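Read the figures in this text as sums done on the coordinates, not as results from a lab. Predicted, not measured: the structure shown is a model, and the values here were computed from it. Note: ideal-geometry Cβ built from the backbone for every residue, glycine included; neighbour counts use all protein chains shown.
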Amino acid sequence: MHFILVSGLLGVGKTTVILDMMEALYDKKGYKVVVIENDFGNKGIDGEVMRKFGLEVKDLRGGCICCTLKTGLIDTVRVIQANMDPDVIIVEPSGIADPKIVINAVNDCSGIEIDRLSSVVVVDAERFMKSWKMFERPLQNQLGVADLVLINKMDTVSPQEIEEISSKIRDFGYEGPLLPVQADKGINMEQMMRIFE
Ligand SMILES: Nc1nc2c(ncn2[C@@H]2O[C@H](COP(=O)(O)OP(=O)(O)O)[C@@H](O)[C@H]2O)c(=O)[nH]1
Ligand SMILES: [Mg+2]
């Protein structure tokens, strides 16, 4: 089972990215995907979308995965694996959650079999330069464990601004792949899925 964590501040487009991932993983590859949401974003993955994909969403709204729901998340993953045995589990933690805590919890837990763990971080091109200072700590936590960084909403900025954002993300010490995307139109999402393979 491939465990994909999609982190990022509130409103950056995590849920939109996950919808694109689901489409790529389910429609194109036929993988069985389960999404676990723990976010208060303005766009939830609702029953209607799930029916379209024939998939399952577990909603952990009401607490932050990184603290009170840590054991809840692990138990949920364990139950999902035992009952549904999906190929992929995608987890959307709340915006300020520290993904490292989730990664450590998943790695340390017996009873869950994970072949591969990917940590994707989404940033919002429109807001990043204005807001990185205010969110330095959560960004540091997120970028510190990222395997892939998506600079989403590339439609809202110039190529030069994408460069500025990329260089600021490098200043955080992140050295992995950086990909500008427009998740709401699926732009560059195929490239994203390729990085996953
Ligand atoms: N302009 C633009 N808006 C986007 C893009 N992707 C997502 N959004 C919008 O950003 C808002 C937040 O998206 P959402 O996926 O709910 O963010 P989350 O809180 O990180 O899960 C929604 O109104 C989306 O429609 C994009 O590529 N470009
Ligand atoms: Mg969301």
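Observations on the structure shown:
- Unsatisfied cross-links (Cα-Cα over 32 Å) in the set LYS100/LYS153; LYS100/LYS168; LYS32/LYS130; LYS29/LYS153; LYS32/LYS168; LYS29/LYS133: LYS32/LYS130; LYS32/LYS168; LYS29/LYS133
- Sorted by Cβ neighbour density within 10 Å, fewest at the top, the residues THR16, THR156, THR76: THR156, THR76, THR16
- Order of LEU143, LEU150 under a 10 Å beta carbon neighbour criterion, fewest first: LEU143, LEU150
- Between ASP115 and ASP85, the distance separating the two model label sites (each 7 Å from Cα on the Cα→Cβ line) works out to 1.3 nm.
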